[in-house]
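Encoded as structure tokens, the structure appears first; notes follow it.
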Amino acid sequence: MALLAVATLSLTGCDLFGSNDDTRQITTDVVIANSGNFSAQDGSLTLYSPSDSTATLNDINVAFINSLALHNDRLFVVDNTQADNAGRITTFDTDQFGPIGQISNPRPPRYIAFPSADKGYVSNLSRFDENFNPKPSTVSVVDLNNNSVTERIDVGRSPQGIGVAAGKAFVANAADGTLSVLDADADTVNTTLSLSGCASPKSVFVDAENDVAVVCQGGAEQSSTVLFLNPIEETIKDRVALGAPIGSANGSQSAYYSQGAEELYAISGSGAFGSGTGEIFRVNTDANALDGSFTVPQDDGLIGITAVGYDDVTQDLYVTRLPIGDAGGPLFSADGTALVLDRSGNEVTRFETGNSPGHISFLRDEQ
């Protein structure tokens, strides 16, 4: 079992690269990205310390946050900017938690993965021309040494999660039901794999056996599935049916992989929109089998599930939820709530997050 990592964070209310004398030190293990209200472009981070159950809101100068990633002791905050229909990736030092760099991305970014120490791949949301026809979707190649996009690779429609294994990057194309397989040295597409029976592939993880796990979210007529692929042969070796459609209530983090526990968690969290059941599915990635499911404890003031993460050290599961608005649906302009659950799905504690929590990460989840 991994040792518990604790970082010392320096929090201020300053602008991104500004200064502020009102600086205080806390310790944290859990980072929750609050996507924010898209029209307000006011993403933030909630920093939580399980050791003393304290949560602190960190108002950083970013737009609408899509995802988080940790690499080389840096936290990468991926956000898209409304004004120019583009985006950026801001990096933070996880020791003092100060901003140390920013990468401008010409298209709205979704996720970032790392084929090497000094290179990143960023999946970009689809764009449309003046006739509303989709333009070619791309993955940006990022030089992490100088924080710049060096080129873009055409992939399938609506690329989402990226997993790196066997010198390749596997990009889930949600609108095509395909995987674009990139040569991680040449930055080219080698093959495009058709994923039979996989509706809306979104999340991609590489498990402890170096298999590529693809979470197919499913839809009205197709159930959700987790596919396990051999990255060398590029063939499907196992399928695990989940049942209910998988998805986040605000379109953000719908699955999480714990390397230490060898478990994958997926949420059926978008019940407010007519699909989803409020269930959490746990998949054993050693046996490639469904290990069980449970329903999130009900609460009259909360609705949907927006993100999930599992702490294999404390063996606690984190899920985030939205408040209910006057019309009975989710309220995207108010603070959310994080529930901490045990392995049976019972609530251990809860704490307040920022506006529209959308991604959960732990400061030891290095890629």
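The values are calculated or read from the model by the stated rules, or taken from the named source; none is laboratory data. None of the values given here were measured: they were computed from a predicted structure. FYI the Cβ positions are ideal-geometry reconstructions off the backbone, even for glycines, and counts take in every protein chain you see. Heads up: the accessible areas ignore ligands, DNA and RNA and are worked out on the full protein's heavy atoms, side chains in. Shrake-Rupley method; radii C 1.70, N 1.55, O 1.52, S 1.80 Å.
Among the residues of region 94-107, is there at least one that is hydroxyl-bearing (Ser, Thr, Tyr) and closer than 24 Å to Asn250 by Cβ? Scanning region 94-107 turns up no residue that is hydroxyl-bearing (Ser, Thr, Tyr) and closer than 24 Å to Asn250 by Cβ. If the condition is being in a strand (DSSP E or B) and either surrounded by fewer than 24 Cβ atoms within 10 Å (Cβ to Cβ) or over 18 Å from the mean Cα position of the chain (by Cα) (or both), then region 228-257 contributes Phe228, Leu229, Asn230, Thr235, Ile236, Lys237, Asp238, Arg239, Val240, Ala241, Leu242, Gly243. When residues in region 53-85 are screened for being over 19 Å from Gly354 (Cα atoms) and of a type outside the set (A, V, I, L, M, F, W, C), 7 of them pass.
When restricted to residues that are over 18 Å from Leu68 (Cα atoms) and surrounded by 12 or more Cβ atoms within 10 Å (Cβ to Cβ), region 114-142 contains 7. Restricting the first member to region 105-119 and to residues that are in contact (Cβ under 8 Å) with a residue 24 or more places away in the chain, and the second to residues that are among the acidic types (Asp, Glu) and open to solvent by less than 30 Å² (accessible area, probe 1.4 Å), the beta-carbon pairs closer than 8 Å and six or more apart or on different chains are Pro109/Asp79. Taking the criterion of being open to solvent by 60 Å² or more (accessible area, probe 1.4 Å) and closer than 16 Å to Glu233 by Cβ, the only residue of region 172-191 that qualifies is Asn190.
Yes/no per residue for (1) open to solvent by less than 50 Å² (accessible area, probe 1.4 Å); (2) touching a residue at least 12 places away in the same chain (Cβ under 8 Å); (3) within 16 Å of Gly309 (Cβ to Cβ):
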{"site": "Leu45", "(1), (2), (3)": "yes, yes, yes"}
{"site": "Ile60", "(1), (2), (3)": "yes, yes, no"}
{"site": "Ala63", "(1), (2), (3)": "yes, yes, no"}
{"site": "Asp73", "(1), (2), (3)": "no, yes, no"}
{"site": "Asp84", "(1), (2), (3)": "no, no, no"}
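Listed by first and then second residue, the pairs with beta-carbon distance under 6 Å, at least 6 apart or on different chains, first residue in region 197-219 and closer than 20 Å to Ser258 by Cβ, second surrounded by fewer than 24 Cβ atoms within 10 Å (Cβ to Cβ) and charged (D, E, K, R), are Ala208/Glu262; Ala213/Asp207. Among the residues of region 269-277, is there at least one that is under 20 Å from His359 (Cβ atoms), modelled with pLDDT of 90 or more, open to solvent by less than 50 Å² (accessible area, probe 1.4 Å) and not hydroxyl-bearing (Ser, Thr, Tyr)? The answer is no; no qualifying residue exists. Residues being touching a residue at least 12 places away in the same chain (Cβ under 8 Å) and in a strand (DSSP E or B): count how many of those fall in region 126-148. Selection size over region 126-148: 9. Under the condition of being crowded, with 20+ Cβ neighbours inside 10 Å, at pLDDT below 95 and not in a strand (DSSP E or B), the residues counted in region 279-303 number 1. Among the residues making up region 149-170, those that are β-branched (Val, Ile, Thr) and either touching a residue at least 24 places away in the same chain (Cβ under 8 Å) or crowded, with 23+ Cβ neighbours inside 10 Å (or both) are Val149, Ile153, Val155, Ile162, Val164.
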